[in-house]
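As structure tokens, the structure follows; a few thoughts come after it.
Rule-based calculations on the coordinates, nothing more; no lab input. Computed from a predicted model, the values in this text were never measured in an experiment. Here the Cβ positions follow ideal geometry from the backbone for every residue, glycine too, while neighbour counts run over all protein chains shown.
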Amino acid sequence: MKKQWNFVFLLFCLVCLNIPNLSFAQQSQITGKVTDADSGEGIPGVSVLVKGTTRGAITDLDGNYSIAAAAEEILVFSFIGYVTAEQPVANRSVINVGLAVSVQALNEVIVVGYGTQERKEITSAVTSVKAEDFNQGTVNDPRQLLQGKVAGLNIARPGGNPNAGFNMRLRGISSIGENAEPLVVIDGVIGGSLSTVDPNDIESMDVLKDGSAAAIYGTRGSAGVILVTTKTGKTGRTVVEFNSSAAVENVARTISVMNADEYRQVPNSRDIGGDTDWMDEVTNTGLSFINNLSLGGGSASTSYRVSINSRNVNGVGINSGFDQLNARINLTQKALKDKAIFTVNVSNTSIDREFGNENSFRYAIISNPTVPVRDPNPQSPNFGGYYERDIFDWFNPVSIAEQNIADGRDSRLLASIRGEYNFTSKFRGAVFYASQRETDWRGSYSPKTAKFGGGFGRNGLATIENNVRLNDLFETTLNYDETVGKVGMAFLAGYSFQEFFNQGNYTQAGNFLTDAFTYNNIGAALDFANGLATVSSYANSNRLVAFFGRANFNIEDTYLLSVSARYEGSSRFGENNKWGLFPAISAGVNIANLIDMTGVSAMKFRASYGRTGTQPGQSYISLLRFGRSGNFFYNGQFVPSYGPVSNENPDLAWETKDEYNVGLDFVILNNKLDGTIDYYSRVTTGMILPIIVPVPPNLFNTTQLNIGELQNSGLEVMLNYKAIQKSDFRWTTGVNFSTLSTNLRSLSAGNLSFGTVNYRGNFGSPGQNLTQLIRIQENGPLGQIWGPIQEGVSDTGAPIMKVINGTAVDANGNPVYCNCNDDRTQLGTAYPTLNFGFNNTFNYKNWDLNFFFRGSIGHSLINSYRGFYENTESTTVQNWNIVNTKYFDPKITKAEYNSTHVEKADFVVLDNATLGYNFNLGPGRTIGRIRTFLSVQNPFMITGYTGVDPEVRYGDSESGNDPLAPGIERRATYFTTTITTFGLNLSF
């Protein structure tokens, strides 16, 4: 694509390779072996570090090590899953150490809201995923690191568009209004943008799943919270890391259609003489290059980490991909005899995007395979040499991809500073300030010769759009820890102020003298002089103010209690409801401390309740507002008119979610098996929805109201098993799964109603504009896929629909299909009943192998391609190609949506398989570690679904990702892809 940053990393790498080894006086060579204290077997990969220095070594495959150290120095032995040990050198030349296995599942430190806790103390539903457990391969979005790893957290991106985002849903749909995705907190920055963080820079991601864990974030915690912690430098050792990978991406799945020979055999087909594989024409092999360089280290008072990351990604679609450059610095400085600690985090990201056009895939699927790509008549230059047909809803797919320009540039800056002062060993205070700046620029141009995109009809059409989002956060906290007898206590109190400002503008104009300017000289468009250009701008702001507190109690690590509350106010709400209270309480008991159970290291039962909220996604909607509403002719010219665009609602308040959770955490079978089981039930009330109201007395026909009630419940299980733990062979396996049940209890409030029965998701054109697909029903589940049942084919080729209620009769009084909702029924559900992930990691000597399966069971999808084009209707045959799946019936000659187009979309996919090799370099080398790996993502999928991608659709892409219209695969789905990656990891 554009710039290549590889030379930067090569330069840094060459410099690092020449770092001289330091020498130390009065040192002797210390050797020894590190073993498992229980089995006596050697442990490979143990870190051996001279305390307070940067000198270190790694044990070999048998657990042996060699390191230079002086008699007065101390050796520190550490390895994941074992208790860290220290040994003074003294006058010894051989130091053998036996490491005791730690109950890692209990001692692991988990990030929670405004602090950390050991897992054994946590009384709410929290899942932590560390860097070593992240998904591997070519991962360009931090969300991918968690995909399939956390029970109850569903992350999906249908298709392989490199510029498309991932949808995240935690424990199903928390709201059918705004803010359906979990809140993201990056190093304490609430509402941090994940695009400010490169996946290589993330240390851990902690998911607060239940209401009691998320309540400390108040109005934005209803959909859950994801806490992102970035990597920092480690005291005592300078580490340079360089990671580089190259990836090849190819199309994995499309949808089956007829080739030219098959198409010509269909009666009444339109043979234009070509033989074109349109899907091959609009795709290519995607290449990606990813590089990461980091430098980290520190002393007793200072630690730092600096990183730079570049990503050059080309998608399989023509002109789709991005170039990304990210830089980050983390700095921690102690002062005033280590009582004061200052932490600074700064990251900057720049992304240049080429969006391509997903519609090229849509028309590649449906295009007549006998149509040539190029116009064979050189005297027909109207469309730039591409063959175009003058029929409804047909465009040359290659012309769409090659002629239309769609570029973008994203800039992200996130900076924060935290100052903490320890007044005493028990009492400390902190002040935190963060600022996030996001800028999105978009430029597109459709040339005079492009039939698709408006350029041909407008004599060239250019669009420029700018959006800026500012987020400033100030917080101050006080912490006090105390132990009274057998009771440990930890108290937190805090204040938070956050201000948001959004601003943007949009310009579209056509009629250019030349295509040479594209979007870079939009002022040259003649539309401005003719009054046909479109220009708009906006600005809005909102504020959040909160007071919060938490108290944790621990009685002998056996009885645990946590109580918290957040009192928060928002400028987005009505005058009468600016403030809300969000309390939480959770408790736990470590059963293993009370009952001696053979093989049980830990078993903790916990229960919790929490209330969280959701605020609107827009400002000022509680106010009476006026906006542009057309023009009127006055005094010989058109004058813009203004009218109401929203009604006043001074009582507009939070959506409120009350959630109950019970859970069991355990470590059994002598620390081999650890797991978590959770059951939750939550009810969301007062959802913020636009409701139709009468005019008059209202000035506008809809008002934003708090209305309705939604209930979700489910079971979540996570298990990890250390199946084999030998010195030269280790196998660890893990599985997680979750279930989900939803019930839309109500869509009414008093005399007002969103509708006891409502329909969403219009099927669309051609010919099926009035076909509603998704039913919304009071006291029913969300995601009801709705439609008629086909029970046969008539002599004329029309589908015969089943008479369900018989409300319509013929002249003889016999029931007939009424073509209305009385004769339609639920054909499937858009949401899976079961999601699961299955992970396996093998280590054999220097080799490591990891593979991860992910799947969803119980959901269905509407296959729009089949609903429109899997038939031999004359309109289909004459204008487009024919979808040719296993369901194709040549007798059907009428396109009409019905039950046959709703397919079970259960799938199991091998998300990732990675094979790596670690070179054993031995002690005393400048390069401490070399690892190479080969990874493949999505190499195969098991599914009966015949569409492009069976991934769950959480909203309708053709109606603003409407959460009330899930389960529809639309006709512009980017093809799914397989990615093969070769990578190199170096550390110095």
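Descriptive notes on the structure:
- Every pair of different Cα atoms in region 71-167 enters the Kirkwood calculation, which places the hydrodynamic radius at 17.4 Å.
- Qualifying GluC sites (Glu not before Pro) for region 515-610 [loop in DSSP, other Cβ within 10 Å: at most 12]: Glu556, Glu575
- Share of alpha-carbon pairs per 10 Å distance bin for the chain, given as whole %: 2, 9, 17, 23, 22, 14, 8, 4, 1, 0, 0
- Descending principal axes extents, region 137-201, alpha-carbon based, whole Å: 32, 31, 23
- Contour excess over end-to-end distance, with Cα ends at Asp277 and Glu132 and 0.36 nm allotted per residue: 47.9 nm
- Modelled label reach - Lys886, point 7 Å along Cα→Cβ, region 946-988 residues with backbone N closer than 13 Å: 946-947
- For the chain, a crude dipole built from +1 on the beta carbon of Lys and Arg and -1 on the beta carbon of Asp and Glu, taken about the Cα centre, is about 1840 debye to the nearest 20.
- The modelled label-to-label distance between Asn91 and Leu526, using points 7 Å beyond Cα along the C-beta direction, is 10.0 nm.
- Sites Val431 and Asn769 - FRET efficiency at Förster radius 45 Å, r taken between beta-carbons, to 0.05: 0.20
- Reachable aspartates and glutamates from Lys726, criterion Cα separation under 15 angstrom, eight or more residues apart if same chain: Asp36, Asp38, Glu41, Asp60, Asp62, Asp848
- Rounded to 0.05, the FRET efficiency of the Lys845 and Asp338 pair, given R0 = 45 Å and the Cβ-Cβ distance, is 0.55.
- Separation of the Thr796 and Glu118 label points, Cα + 7 Å toward Cβ, nm: 7.7
- When peptides 129-140, 84-95, 27-38 are ranked by their average number of other Cβ atoms within 10 Å per residue, the highest-first order is 129-140, 27-38, 84-95.
- Take each peptide in 526-533, 187-194, 488-495, count the other Cβ atoms within 10 Å of every residue, and average; sorted highest first, the result is 187-194, 488-495, 526-533.
- A full extension of the chain between Leu664 and Ala723 corresponds to an added length of 19.1 nm, given 0.36 nm per residue minus the alpha carbon distance.
- In this rough spin-label picture, where each label sits 7 Å from Cα along the Cβ direction, the Leu413-Phe547 distance is 3.5 nm.
- Between Val816 and Asn348, full extension at 0.36 nm per residue minus the direct alpha carbon distance yields a gain of 162.0 nm.
- Sequence-distant lysines (8 or more away, or on other chains) whose Cα lies within less than 19 Å of Lys802: Lys891, Lys894
- Over the chain, DSSP H runs of length four or greater, each weighted -39,500 (n - 2.57), average out per residue to a 222 nm ellipticity of -1500 deg cm²/dmol.
- About the centre of its Cα atoms, region 105-234 shows a dipole size close to 240 debye [charges on the beta carbon of Lys, Arg (+1) and Asp, Glu (-1) only; nearest 20 debye].
- Debye-sum result for region 570-649 in log10 I(q)/I(0), which assumes one identical scatterer on each alpha carbon, at q = 0.22, 0.27 Å⁻¹: -1.02, -1.19
- Modelled FRET efficiency - R0 35 Å, Val487 with Ala100, Cβ distances, 0.05 increments: 0.75
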